[in-house]
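**Student:** Got a structure here, written out as structure tokens. Questions coming.
Laboratory data are not the source of any read-out in this text; all were calculated from the coordinates shown. Values in this document were obtained by computation on a predicted structure and should not be read as measured data. Every residue, glycine among them, receives a Cβ derived from its backbone with ideal geometry; neighbour counts consider all protein chains shown.
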Amino acid sequence: MGNLLNKAGPSPREVIEEAEQIFFEAMLTDDRHWGSKDDVWRVVKNLVFGTYGHSAAFVAMFRNGRPFWQMHCQGYWEDQALPILSKALLKNYQQRIFRGGRGPGRFEQRVADGTMLYQNINDIGQKREDLTLFDNFRGEETVTHLRHDDQGRFASGEYRTPLGSGRYQGMRLFQFDE
């Protein structure tokens with residue numbers, strides 16, 4: 001298999017950094033099929049809502065027509081979890097922060113009776129100096145409703161209501177020839 005890089009072209013690290021920026025551009029659109037203006041990059045996104053709150057998503061990136069990177073996620077989300085989940089993802093996409101292609105480590109939003117809490121716990125699949133979080137990752141995310149009393153303190157008794165959770169993982173799909 002040939003090298004995806006032109007020897008006179010960008011370094012592997014530069015290509016990965018470019019791929020991260022392409023990821024954000026594509027994720028900020030509603031297009032299921034997205035392509036860069038120079039046709040070097042193509043991104044395919046697919047989101048499926050199944051029965052009873054289950055969902056799955058898949059994102060694939062192609063560079064010069066070849067598979068470059070992929071991620072997939074699956075989970076269960078109550079309807080009231082979806083607005084904060086969407087806001088958490090949008091925050092990282094707009095700020096171009098890559099935490100497994102999902103939201104920040106912690107994101108909170110006040111609601112009438114408490115706080116909606118989104119949490120994202122991720123790691124690099126293999127601990128190696130030459131890998132970035134974009135190269136190989138996995139994680140879990142949750143949304144929890146924390147109920148408060150009238151003074152803004154946690155209500156007594158059962159105050160945490162889980163509203164959904166998901167798992168995700170992804171990786172770069174080839175080894176650079178160097």
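**Student:** Explain nothing, just compute: Karplus ³J(HN,Hα) = 6.51 cos²θ - 1.76 cosθ + 1.60, θ = phi - 60°, for every residue of the range 113-123 in order, whole Hz, x for Gly and Pro.
**Tutor:** These are the phi-based 3J(HN,Hα) values: 10, x, 9, 8, 10, 9, 10, 10, 10, 9, 8 Hz.
**Student:** At a 10 Å Cβ-Cβ cut-off, how would you order Ile16, Ile84, fewest neighbours first? Before the final figure, lay out the partial values.
**Tutor:** Numbers: Ile16 18, Ile84 24.
Going from least to most buried by this count: Ile16, Ile84.
**Student:** Given the DSSP H assignment, sum -39500 (n - 2.57) over each helix run of at least 4 residues in the chain and divide by its residue total; what's the result at 222 nm in deg cm²/dmol, nearest 500?
**Tutor:** Helices in the chain give a 222 nm mean residue ellipticity of -5500 deg cm²/dmol.
**Student:** Could you list which residues have their amide H under 5 Å from that of Glu78, counting only those 5 or more apart in sequence or on another chain, with H placed in the peptide plane?
**Tutor:** Close amide H contacts, sequence-distant or interchain: Gly164.
**Student:** Considering only Thr51, Gly65, Phe174, whose Cα is most displaced toward the positive end of the charge dipole of the chain, charges sitting on Cβ of Lys, Arg (+1) and Asp, Glu (-1)?
**Tutor:** Looking along the dipole axis, the top candidate is Phe174.
**Student:** Under the Karplus relation 6.51 cos²θ - 1.76 cosθ + 1.60, θ = phi - 60°, what is the ordered set of whole-Hz ³J(HN,Hα) values for the range 91-99, x standing for Gly and Pro?
**Tutor:** My calculation for the range 91-99 gives 4, 5, 5, 5, 8, 6, 10, 9, 10 Hz in order.
**Student:** Sticking with this structure for a sec: So, with +1 on the Cβ of K and R and -1 on the Cβ of D and E, and no other charges, what is the size of the charge dipole of the range 12-172 about its Cα centre, to the nearest 20 debye? Mind dumping the intermediate values first?
**Tutor:** On the way: 22 positive and 22 negative charges, 47 e Å.
Taking the Cα centre of the range 12-172 as origin, the dipole is about 220 debye.
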